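Working notes, structure below.
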Amino acid sequence: MDFIKEINRLRKEKNAIILAHFYQVPEIQDIADFVGDSLGLAQKAANTDADMIVFAGVHFMAETAKILNPDKLVVLPDLEAGCSLADSCPPDRFGDFLKNYPDHIVISYINCSAEIKTMSDLICTSGNAVELVESFPKEQKIVFAPDKNLGDYINKKTGRSMVLWDGTCEVHDILSTEAIIGLKTDNPDAELIAHPECKAAVLALADFVGSTTALLNYSRTSKSEKFIVATESGILHQMQRLSPEKTFLIVPSDETCNCNDCPYMKLNTLEKLYLALKNEKPSIELASEVIEAAKKPIEKMLSLSLELGLIK
Ligand code: 13P
Ligand code: SF4
C-alpha cells in the first residue's frame, strides 16, 4: 500500500492536521503539516482549526494537544509511545513530595503526565524554561519537576535554588562525557550543541544548549561547519536538510552503535500513522476535571511566552 498517498487522501477527507516532533522517523517528519519542539507543537495544537489531530510524538505531547482541544479527536499512532521522564514522576509520590513545600509554587516541564500538570502552577518547555523562571522574583520559592538535569541547568543560569524532583530522561541522561571528549579530540573544529536534559557534566562542555528548535536554528546560523550533537538522532534529519553542506556527529548512547534513539518516539511508524488516521484510534481520552485543571498552567505558559516575546 502507498501509505503516503492514503494519508494525503484521508487527511483532506477528515480535515486532519499531522503534528510531528523532531525525534520522529524522517518519513513521518516529511509528511507532517508541522514539525517542531514541544513549545511549537503546543502552540500549533492551541491554534488549529482542524477537526482531528494526528500527533506523531509521545503520549504527554498528544495529551497536551487534547487538553487544549477537548472537543477534537486526538490520535497517537502508538499508545505505547510514552516517556521515561514523564514516568519518573508518579502523581501519588509527587503529591507526597509537595506536602514538604507548602509555600512553593510548582513549575513543571511539559514532559509530565496530565495529572502532574493538574498539580502545577505553570508548565514550561526547554524552549522557554529559563525565561519563564526568570519572570518570577528571585525570592519566589519554586519546586521544579520532573527533570533534575533541566532544573539544575535553570538554577545555574538564573542563580535560583529551585527544589528539584529527581527525574531524568533515559535517552539524554546516559550520554557519556567520555564519548563527547573523544569526539571533540578527533574533531577540534566541531561545536558541541546539547539539549538541557543532558547531565551537568555534558552541558558544561557544550558551546550551545537549547531545545530541539533552538539547536536546529543554531546549527543553521552558526559559522561552524561541523557539530557534535548531544540529543536524540531524529533531529539530524532537519539539521542535514537545512544545512546539507555541514557535518553532524551524533553523540552515541553506547559503543555498539552510532545512534541515539528514543525508544518511545521511534514506536510511531508511517503505517501506524495511516491506521490511526483511518480508524480514528488510538485516541487520547481524559476526564473533564483533569482537562479543566491541566489546561490552566499550559495556557499560562502560552500567554506568558507570548508576553515575553518567546513565541509569536
Ligand atoms: P524539545 O521540546 O526540546 O523538542 O524536547 C522534547 C523532548 O522530549 C526532549 O527529549
Ligand atoms: Fe521522553 Fe527522553 Fe524520549 Fe524525550 S527523548 S520523549 S524526554 S524519553
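For this structure, a couple of remarks:
- If you filter the stretch 240-293 down to residues that are small (Gly, Ala, Ser) and in contact (Cβ under 8 Å) with a residue 60 or more places away in the chain, you find that the one that is nearest to Ala32 (Cα to Cα) is Ala276.
- In the stretch 211-236, of all residues being of a type in the set (Ser, Thr, Tyr) and in a helix (DSSP H, G or I), the one that is farthest from the chain's Cα centre (by Cα) corresponds to Thr221.
- Qualifying residue in the stretch 172-188 (condition: within 16 Å of ligand 2 (Cβ to nearest atom) and of a type in the set (A, V, I, L, M)): yes
- Filter pass, Leu10 being among the hydrophobic types (A, V, I, L, M, F, W, C), in contact with a Cys (Cβ under 9 Å, 6 or more places away or on another chain) and part of a helix (DSSP H, G or I): no
- Residue list for the stretch 70-93, filter: touching a helix residue (DSSP H, G or I) at 6+ places or on another chain (Cβ under 7 Å) and buried (at least 22 other Cβ atoms within 10 Å of the Cβ): Val74, Val75, Leu76, Pro77, Ala81, Cys83, Ala86, Cys89
- Here Ala62 clears all of (1) within 16 Å of ligand 2 (Cβ to nearest atom); (2) surrounded by fewer than 24 Cβ atoms within 10 Å (Cβ to Cβ) except the condition numbered (2).
- Index of the failed condition, Leu302 passing every other in (1) closer than 22 Å to Ser126 by Cβ; (2) of a type outside the set (Lys, Arg); (3) touching a residue at least 24 places away in the same chain (Cβ under 8 Å); (4) in contact with a Leu (Cβ under 6 Å, 6 or more places away or on another chain): (4)
- For the stretch 57-67, a residue qualifies if it is among the small types (Gly, Ala, Ser) and within 13 Å of ligand 1 (Cβ to nearest atom), and the qualifying residues are Gly57, Ala62.
- Tallying residues that are free of Cβ contacts under 8 Å to residues at least 12 places away in the same chain and either closer than 10 Å to Gly167 by Cβ or in a loop (DSSP other than H, G, I, E, B) (or both) within the stretch 88-100 yields 3.
- Residue identified as β-branched (Val, Ile, Thr), closer than 26 Å to Val35 by Cα, surrounded by 15 or more Cβ atoms within 10 Å (Cβ to Cβ) and modelled with pLDDT of 95 or more among Thr221, Thr168: Thr168
The values are calculated or read from the model by the stated rules, or taken from the named source; none is laboratory data. All figures in this text were calculated on a predicted structure; none of them were measured in a lab. Quick reminder, even Gly has a Cβ in these numbers, built from the backbone with ideal geometry, and neighbours come from all protein chains shown.
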